[in-house]
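Scroll down for the structure; my scribbles are underneath it.
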Amino acid sequence: MFQATGAASPPPTHEAKNSSGGSTVQRSKSFSLKAQVKEMCTACQKTVYPMERLVADKFVFHNSCFCCKHCHTKLSLGTYAALHGEFYCKPHFQQLFKSKGNYDEGFGRKQHKELWVHKEVESSTKSA
């Protein structure tokens, strides 16, 4: 086997001597015991771990929870369209738009022009 031909050096220690002669242990400053902030899935409200994390329009999802609202097909970052915080596959996004011809009625919301009518009525009653 191998034999040491020189003087054996003592193994390195992780202790540092202070001026009073006592020894103290130095710890790495990069290690921290602080708890990591846990992210929650927007769809299922469960913890999302880094390996299964997907972010779309600043919302965090599990890969398996990122689905079309209309048909529940699994989506990817290249196959989705979003409107008002809701996610759709591209075919259903187009279908819902074409069904009413606007982004409000097709997706179950009030038309913007109805909101304008209410504002015009309110302004005319205030000025009269």
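Can you give me the distance in nm between label points at residue 37 and residue 77, each placed 7 Å from the Cα along the Cα-to-Cβ direction?
That separation, rounded to one decimal, is 2.0 nm.
I need the phi-derived Karplus couplings for the range 83-89: 6.51 cos²θ - 1.76 cosθ + 1.60, θ = phi - 60°, integer Hz, Gly and Pro marked x.
Values per residue, Gly and Pro as x: 8, 6, x, 10, 10, 10, 6 Hz.
Sequence-distant or interchain residues sharing an amide H contact under 5 Å with residue 39, placed H: which?
48
What does the net charge come to around residue 77 if you take all other residues with beta carbon closer than 15 Å to its beta carbon, with K and R at +1 and D and E at -1? If you can, show how the numbers build up before the last one.
On the way: positive: 53, 58, 74, 90; negative: 52, 57.
That works out to +2.
Considering only protein heavy atoms, what per residue accessible area in square angstrom results for the range 50-99 with a 1.4 angstrom probe?
64
Search the structure for amide H atoms under 5 Å from the amide H of residue 87, placed 1.01 Å from N in the peptide plane, and list their residues when 5 or more places away or on another chain.
69
The values are calculated or read from the model by the stated rules, or taken from the named source; none is laboratory data. From a predicted model like this one, the values you see are computed outputs, not experimental measurements. All Cβ positions, even for glycine, are placed from backbone atoms using ideal geometry, and neighbour counts span all protein chains on display. These accessible areas exclude ligands, DNA and RNA; they are computed on the full protein's heavy atoms, side chains included. Shrake-Rupley method; radii C 1.70, N 1.55, O 1.52, S 1.80 Å.
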